[in-house]
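Notes follow the structure.
The values are calculated or read from the model by the stated rules, or taken from the named source; none is laboratory data. Computed from a prediction, not measured in an experiment: that's the story for all the values here. Positions of Cβ are generated from backbone atoms using ideal geometry, with glycine treated the same way; all protein chains shown enter the neighbour counts. Note: accessible area is taken over every heavy atom of the protein model, side chains too, but ligands, DNA and RNA are not part of it. Shrake-Rupley method; radii C 1.70, N 1.55, O 1.52, S 1.80 Å.
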Amino acid sequence: MLSFPALVFNFIQRSFSFHSAYSIKDMENIYQLVRNVIPPLTAKKHKGQDGRIGVVGGCQEYTGAPYFAAISALKVGADLSHVFCTKDAAAAIKSYSPELIVHPVLDISNAVNEVEKWLPRLHTVVLGPGLGRNEVILEHAKGIIEKTKAKGIPLVIDADGLWLVAQHPSIIQGYQRAILTPNLMEFSRLYEAVLRDPMDSNDHHGCLLRLSQALGNLTIVQKGERDLISDGQKVFVCSHEGSNRRCGGQGDLLSGSLGVLAHWAFLAGSEKINGQNPFLVAAFGACSLTRQCNSQAFQKYGRSMTTKDMIAEIGTAFNKLFET
C-alpha cells in the first residue's frame, strides 16, 4: 500500500502542475497545504468562527446563482451564509433554503450603506453571481467593492461582477485580496479591457500572467478544460478529472467554495501554507473540489446532471479530497 506522501504525489501529478521553475517537491506539497488550512471541528468553537460569507447578487432574472454560491459555502464548511439581493429576488432565494440569511437591499437607494453595516461580520465577500447588468445595481456593486476593499476583506468576483470590472478595471486594480474567476469569454473581455490588445489564444499561460500583473498581481482563476490559476508570478494548472457536462451554475459552486477556502487559507498564516500565496492555495482547493463534485455527479446522472446534483456531492467530494 502506498504511504500518504506517495498518495499525495500521485494525486498531485494528476491534478496539479506548475508552469514555472518550481521543483517537484513544491508540487508534492500543494495538496497538503490545502489540507493544512482546513480548520478542525472542535467542541470549543462557536457559530461563525469557521466562516461568515456574504454573496452579493440575485435579481429577478437570476435567483439560482446566488443560492448556488451561498449554499455551496455552507456545504464546504462556512457557518453562516448571507445573500444581498434585490427585493424581487429575495422570496425566491429564501424559498430555496432556510439556511441562508437573505437581505433584499441591492436595489434600494442606500444599498451600499445597508451592505456596509454587515461587512464587519463577514470574512469573505463573493460578488457577481446573479448580479445582472442593471446600471443602478452595478453602481451599487461598485460602491460595495470599495467598502469591501477599505475593510481589507477578501473578495471573490465572478459572473457579472467580472463584466463590471471589465468596464471599470480601476475599481479592483492593486487589491491583492481579490480573486477573479473568469471563464474563457470573461477572461478575453477582461484582457482586452485592461491590456488593450486581443488575447493570444495560443498562449493562455502568458496572457494570464500578464493580466494578473497588469491588475497589480491579483489572483485570477481562468476556468476551462484545465483551470489556470495565477498571481502574476506563478501559473498553476488544475486538471483534476471532472466530466464533459457543462451545465449552468458550476461557476457558482466554485465561487462559493472559494469564498470559504480563501478565508481559511488567509487565516491559517504563512507557516501552514509554506509561504505560498494563500489565495493560490484556496483556488486550487476550490477548483479540485468543483471538478470532483462534477465527476461524482456525472457518474450518477450522466447527461441529465445539473448543478444541484453537484452540490449534493460536496460533502463526500470534500472528504475524499481533503479529509481521508
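Within the range 131-159, the only residue that satisfies the criterion of being under 12 Å from Pro66 (Cα atoms) and either open to solvent by 10 Å² or more (accessible area, probe 1.4 Å) or basic (Lys, Arg) (or both) is Ala159. Every test in (1) modelled with pLDDT of 95 or more; (2) in contact with a helix residue (DSSP H, G or I) (Cβ under 6 Å, 6 or more places away or on another chain); (3) farther than 17 Å from Phe279 by Cβ is passed by Gln167 save one, and that test is (2). For the range 311-324, residues that are among the hydrophobic types (A, V, I, L, M, F, W, C) and farther than 12 Å from Ile71 by Cα total 4. Can we say Lys320 is open to solvent by 30 Å² or more (accessible area, probe 1.4 Å), touching a helix residue (DSSP H, G or I) at 6+ places or on another chain (Cβ under 9 Å) and under 14 Å from Pro39 (Cα atoms)? Here the answer is no, as Lys320 does not meet what is asked. Among the residues of the range 56-67, those identified as open to solvent by less than 40 Å² (accessible area, probe 1.4 Å) and not in a loop (DSSP other than H, G, I, E, B) are Val56, Gly64, Ala65, Pro66. The criterion of being in contact (Cβ under 8 Å) with a residue 40 or more places away in the chain and open to solvent by 10 Å² or more (accessible area, probe 1.4 Å) does not hold for Gly269. Each residue in the range 160-173 was checked for being out of contact with any strand residue (DSSP E or B) (no Cβ under 7 Å at 6 or more places or on another chain), of a type outside the set (A, V, I, L, M) and open to solvent by less than 80 Å² (accessible area, probe 1.4 Å), and 4 pass.
Closer than 22 Å to Gly248 by Cα, among the aliphatic types (A, V, I, L, M) and either in a helix (DSSP H, G or I) or open to solvent by 10 Å² or more (accessible area, probe 1.4 Å) (or both): is that true of Leu74 in this structure? So Leu74 fits the description; yes. When the range 89-119 is filtered for residues that are more than 17 Å from Ala141 (Cβ to Cβ), in a helix (DSSP H, G or I) and open to solvent by 50 Å² or more (accessible area, probe 1.4 Å), the ones remaining, listed by number, are Ala91, Lys94, Ser95, Tyr96. From the list Ala282, Ala297, the lone residue that is part of a helix (DSSP H, G or I) and within 20 Å of Leu33 (Cα to Cα) is Ala282.
In the set (1) part of a helix (DSSP H, G or I); (2) open to solvent by less than 30 Å² (accessible area, probe 1.4 Å), Ile53 fails one condition alone, (1).
Total residues in the range 182-210 satisfying the condition of being open to solvent by 20 Å² or more (accessible area, probe 1.4 Å) and touching a Leu at 6+ places or on another chain (Cβ under 8 Å): the figure is 7. For the condition over 25 Å from Asn134 (Cα atoms), polar (S, T, N, Q) and either touching a strand residue (DSSP E or B) at 6+ places or on another chain (Cβ under 8 Å) or assigned to a helix (DSSP H, G or I) (or both), Ser212 qualifies. Checking the structure you have, find out if any residue of the range 174-195 is part of a helix (DSSP H, G or I), in contact (Cβ under 8 Å) with a residue 60 or more places away in the chain and touching a strand residue (DSSP E or B) at 6+ places or on another chain (Cβ under 9 Å). No; the residues of the range 174-195 include none that is part of a helix (DSSP H, G or I), in contact (Cβ under 8 Å) with a residue 60 or more places away in the chain and touching a strand residue (DSSP E or B) at 6+ places or on another chain (Cβ under 9 Å). In summary, strands (runs of 3 or more DSSP E) completely within the range 217-261 and bearing 3 or more residues that are surrounded by fewer than 24 Cβ atoms within 10 Å (Cβ to Cβ) occur at 235-238. Which pairs turn up if I take residues in the range 40-62 that are touching a residue at least 40 places away in the same chain (Cβ under 8 Å) and look for partners that are β-branched (Val, Ile, Thr) and part of a strand (DSSP E or B) with beta carbon separation below 6 Å, at least 6 apart in sequence or on another chain? From the range 40-62, the pairs are Ile53/Thr124; Gly54/Val125; Val55/Val83; Val55/Val126; Gly58/Val83.
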